[in-house]
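Asker: Below is one structure. I have some questions about it.
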Amino acid sequence: MSHAFRTAVENRDLLAVSAALAPDVVFRSPVAFAPFRGREDVTEVLGNVMEVFEDFTYVDELSGEGTHALIFTAQVAGRDLQGLDHLVLDDDGLVTELTVMVRPLSGVIALAEAMAPRVAHLDKG
């Protein structure tokens, strides 16, 4: 069964993405040194990611007790990438931790270059 976060991302529904996040969610980005914290900041980052990623598609989902891994493909600035969204869930099913991993390096670099000017004001590290 798909998690509400996946459905919201696939529908490009930022309000539903935000609603799937716990108020104190922690987001570990593949291109930022320090994590982003709190629903408001994480929602802003994810909204920018939705604008930067092209041809985003979840291709697989793994599920365990209190955890989901969503495997995706996308493009950023013409670079193909593969990634994984690891979700840790609370007892209510809200995302308390989101860790994103991306490969290959050329995709990570393109993502970092596209995202840096969009979220630099949120950098607390």
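No lab work stands behind these numbers, since they all come straight from the coordinates. This structure is a prediction, so every number in the text was calculated from the model and none was measured. For neighbour counting, all protein chains shown are included, and Cβ atoms are generated from backbone atoms with ideal geometry for every residue, glycine included.
Asker: Could you please state, rounded to a whole Å, how far the C-alpha centre of segment 51-80 is from the C-alpha centre of segment 1-39?
Answerer: With segment 51-80 and segment 1-39 each reduced to a Cα centre, they are spaced 12 Å.
Asker: Please label the shape of the chain as rounded, prolate or oblate, based on the square roots a ≥ b ≥ c of the eigenvalues of the alpha-carbon gyration tensor (a/c under 1.5 means rounded; beyond that, a/b larger than b/c means prolate, else oblate).
Answerer: Cα axes put the chain in the oblate bin.
Asker: On full extension of the chain, what length is gained from Asp90 through Asp13, given 0.36 nm per residue of separation minus the C-alpha to C-alpha distance?
Answerer: 25.6 nm
Asker: Additional query: Within 14 Å, Cβ to Cβ, of Tyr58, how many net charges do the neighbouring residues add up to if Lys/Arg are +1 and Asp/Glu are -1?
Answerer: Net charge around Tyr58: -3.
Asker: Shifting gears a bit: Would you please give the FRET efficiency between Ser2 and Met50, computed as 1/(1 + (r/R0)^6) with r the Cβ-Cβ distance and R0 = 22 Å, to the nearest 0.05?
Answerer: The value I calculate is 0.80.
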